[in-house]
Amino acid sequence: MSDVLFRYLLTARQRDESVFRRLVLADEPLLEAGVEQLVETTAVRVHVTSQHEHVDKRRDTVPASRHRSVRFFDAPQPRRPQDGHFEDRTEEFPLRDTLQIYTCTDCRGAGKVRCRTCSGRGKVGCARCGGSGKAQDHKGRRRRCRTCGGSGRQRCFSCRGTGKVTCRKCSGEGQLASWEAVIHRYATENRSGDEYPAAAQGARIHRSFKRWLEIDPDRVTNLERATVIEHLGFESPEALEVVARADTRRRGMEEEAQRSTGRFLFLRADCAVSPVGYTVVRLDGKPRYYWLIGRGEKALEVIPRGRLDPWKFAGWLGMGSGSAMAYEGVAQTYSFAQPILELLATSVYVPLPWLVAGSTASWLVTLGGLRRVRLRRPPVSTVGLIVPSGRPTAFLTCLAYLGSYLQRLQVLDRAYDAQSDQLLGRMRSDRQSESLSLELPDGRKVRLVEVARSHRLSDDQLRLIAQALDGVMILEEPEQKAEELMERITKLVRTPPNMTALRIDSEQGELRDPPLSPVGDRGLPLEGIRRAFVGDLQREVDWEVLYRQMWQPLAELLDKAEASRQPEGTKT
Amino acid sequence: MSLWSRLRGLFGGRDAKRRLKIPILGVEACGKSSLILTLGQFVSLHDMGRISMSSGSLFGELLSHVAAGRPLPASARWEKFELHIHRVPEPGGGHSPVDMTLSSEDIPGKQFRDLMDELRVNPDLSTWKAGPTKQILERFTQLLSSCDGFIFIVDLVRNKRAEIAAGAKEPIWTAFADQIKPIMTGILLASKMNAVMAHKPIFFVFSKPDLHLLEPEEVREHFRRAMAIPLAQLRGELINVGQYNVQCAGWEMDSALDGMGIDILLSDLVHAVNAVPDGAP
């Protein structure tokens with residue numbers, strides 16, 4: 001299955017300064033169609049927030065006594081929001097001059113009105129006997145109603161027999177107070193809009209998912225050219241065209257905000273700029289767009305609307321599932337496929353990390369463009385461990401467990417089931433690659449990718465893999481020679497990565513006594529280390545020495561990679 | 001820890017009375033209720049504190065089963081219990097005065113097992129759908145974020161007694177993987193979402209030493225090796241795993257119901273949450 005993966009998923013990374021990660025399907029028609037040309041542009045989100053003041057009048061009427069608790073004003077004294085403080089608030093100003101006190105129109109100053117229940121009579125029909133004066137007793141005989149005493153009438157429960165109730169309008173006071181109040185309402189209005197490249201017309205670029213915003217939360221307060229270019233990290237005519245269009249749109253929104261109803265107070269315009277890259281592939285004369293939004297590890301791929309090839313999409317899913325099956329076992333396949341199937345069901349977009357996560361070999365693809373990406377964080381160094389023609393080794397597992405045990409490193413991958421299975425000797429032997437992400441105590445992050453059976457890789461595949469790596473460590477078995485593979489890589493790649501070799505011995509299942517100082521002519525006995533770590537508690541093993549022998553060549557490779565990444569003037 | 005207790009700790013000094021909430025987690029029949037009972041007995045017998053009035057009925061019920069020679073029944077609901085502790089044993093001998101209330105909950109192991117099974121299949125909490133397991137998860141998450149530390153009980157001999165007795169090491173690692181790894185994954189994920197998890201001590205208690213017959217040091221070393229990767233990850237998330245204590249609590253009930261290793265567990269637990277006042281021996 002991994003062969004299928006390598007055949008279809010390869011990185012196409014150029015040695016340029018692109019901020020985008022590139023993922024293409026590198027089958028031959030696509031490669032011939034020139035997918036390596038990436039157009040760098042931008043998407044701009046414009047957000048205009050404006051503050052308006054709405055002034056209204058309202059007449060309030062209350063019972064006369066209550067006006068004493070009201071604070072009256074000679075004139076409105078609004079406290080308008082300070083510039084830049086967007087508030088939603090309401091202020092009321094009862095005007096003293098408009099205050100009037102007059103006799104209640106309902107009760108005409110009496111404070112009481114006629115009871116509506118009894119119409120002023122003070123009596124209503126008996127509820128028990130219904131006005132007949134007779135009701136059934138407990139034996140069913142009709143007797144004189146005890147409630148009304150046989151009269152059929154009882155006292156009104158609303159007015160208690162008086163025939164009058166308190167006037168609700170004036171609360172019994174007989175007088176009303178009325179005044180006019182001026183109301184100042186401060187409301188914030190929001191207007192937003194997105195601008196995309198002209199080529200995005202008809203493409204499905206989703207604006208609603210949150211990650212788009214999280215990718216680049218930095219804001220620019222205006223759309224000056226220099227600011228935008230600095231923010232994007234590149235300059236392209238198309239990007240500047242989008243920015244200019246967004247600027248026009250911003251001005252339109254600002255004018256619209258100023259024309260809005262209510263008194264305009266002030267506004268603020270925010271713009272979020274997100275780099276967008278796309279590549280156009282012409283297949284059978286029809287253009288197909290592949291979009292990348294954002295930069296770095298969180299870059300997303302967006303599927304073109306109506307141009308999605310279901311077979312291709314199914315192929316992606318199959319590759320993801322298949323690679324997971326190959327590397328992490330059938331049980332993990334379903335857990336891995338779950339989010340992808342959910343995404344398929346929602347059919348909104350396919351985030352690239354989800355698409356390729358879980359597939360260890362696909363790290364090669366996703367990391368292909370990272371080496372030259374300008375990240376604000378320290379870049380992740382990627383080292384490939386290539387086993388020339390043998391089976392997969394336990395190197396990564398031993399390194400992960402020994403490093404964690406000795407507190408020299410931290411494994412970043414959450415799913416360490418594969419490592420656990422490998423340590424217990426339950427790993428499938430038909431896998432071709434495996435990866436491990438580590439964080440070192442100094443904060444550096446390293447990704448190690450082991451590729452076994454490298455003789456199966458074609459020249460193209462090996463070249464692209466080598467280009468994606470910061471360093472290559474060849475795990476050399478006693479009967480194999482690393483020089484041959486090194487020469488092959490050197491011939492294939494114009495600027496080959498730093499390379500080194502470590503002798504290993506996968507066959508030797510026992511540690512020597514005293515163990516491993518020095519490694520000896522047979523090489524590092526990975527199987528012996530694994531077995532000793534799992535079961536042999538009694539034996540005194542110097543794990544520090546073993547770990548150092550595994551880590552030392554990697555550390556040298558990483559140092560070289562960092563040195564080559566530094567600018568010329570800062571090299572030490 | 002509430003804001004009030006934080007302020008009280010700031011202005012009232014460390015000798016102020018503290019209320020510690022430390023839930024006890026573990027799969028069914030791993031010995032959670034036994035640990036609770038033994039803790040209560042230990043504290044009472046050695047004049048280190050007392051069981052709160054509200055927890056008396058729970059302890060009485062558990063004791064009645066032990067007195068009748070019956071195994072403790074499976075917990076069916078979330079039982080709360082409290083211990084008022086006024087002194088704790090020191091590893092080097094002697095006692096340290098404390099003034100604290102240890103509050104915990106006996107959580108049904110079946111619910112914990114269901115949760116772990118779900119975590120094992122789908123470790124990404126954000127994708128969980130509504131349902132009974134999600135409700136349990138929410139309750140656990142609330143419990144974990146509001147507590148001061150955790151006690152995890154691990155049953156090493158679960159279904160593998162004969163193999164472990166024969167000297168096989170793989171069943172021990174499998175027990176770690178089955179019982180600890182899912183909940184550690186859950187803690188790591190929860191800590192990503194909730195920073196309150198940081199600096200909280202985690203105690204792993206390995207029960208039934210009379211059945212697995214392994215020395216405490218041997219269990220500790222196996223645990224350190226098998227769980228090396230998640231332990232390093234927990235350290236990276238600032239979860240206080242440096243304070244965890246792996247001790248065989250020893251549920252071999254003698255006449256006094258005095259468990260082995262309880263003194264060390266209690267001492268480490270109190271020290272890990274800084275409940276011992278300054279200047280104590």
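Things to note:
- In this label model, A:ARG66 and A:GLU256 are separated by 4.2 nm, measuring between points 7 Å along each Cα→Cβ vector.
- For residues of B:218-227, the mean tally of beta carbons on other chains within 10 Å: 3
- Extension gain, A:ARG548 to A:ARG263: 0.36 nm times the residue separation minus the Cα-Cα distance gives 95.4 nm.
- Entries of B:LYS21/B:LYS181; A:LYS445/B:LYS181; B:LYS134/B:LYS208; B:LYS110/B:LYS208; B:LYS80/B:LYS208; A:LYS57/A:LYS164 with Cα pairs more than 27 Å apart: B:LYS134/B:LYS208; A:LYS57/A:LYS164
- Interface area, chains A and B: about 2400 Å² of buried accessible surface, summed, with a 1.4 Å probe and ligands, DNA and RNA left out.
- Modelled this way, with points 7 Å down the Cα-to-C-beta line, the labels at A:LYS139 and A:ARG160 are 3.9 nm from one another.
- Partner chain coverage, peptide A:399-411 - average Cβ within 10 angstrom: 4
- Förster-model FRET efficiency, 60 Å R0, B:HIS199 and A:THR98, C-beta, rounded to 0.05: 0.45
- Order by protection proxy (mean Cβ within 10 Å, highest first), peptides A:69-81, A:463-475, B:217-229: A:463-475, B:217-229, A:69-81
- Charge dipole (region A:50-184, unit charges on Cβ, about Cα centre) - positive-most of A:GLY122, A:ALA181, A:CYS170: A:GLY122
- Take A:397-403, A:176-182, B:53-59 and order them by the average number of nearby Cβ atoms within 10 Å per residue, most first; the result is A:397-403, A:176-182, B:53-59.
- With R₀ fixed at 60 Å, the C-beta to C-beta distance from B:GLU28 to A:GLU562 puts the FRET efficiency at about 0.70.
- Evaluated over the Cα positions of region A:50-184, the convex hull gives a direction-averaged projected area, one quarter of its surface, of 14.0 nm².
- With a Förster radius of 30 Å applied to the C-beta separation of A:ARG391 and A:LEU440, the computed FRET efficiency comes to 0.60.
- Region A:109-169: relative contact order as a whole-number percent, Cα under 8 Å and 6+ apart: 43
The values are calculated or read from the model by the stated rules, or taken from the named source; none is laboratory data. Note that the coordinates shown come from a computational prediction; the quantities given were computed from them, not determined experimentally. Counting neighbours? That spans all protein chains shown, and the Cβs are built from the backbone with ideal geometry, glycine included. Keep in mind that these areas ignore ligands, DNA and RNA; they rest on the heavy atoms of the full protein, side chains included. Shrake-Rupley method; radii C 1.70, N 1.55, O 1.52, S 1.80 Å.
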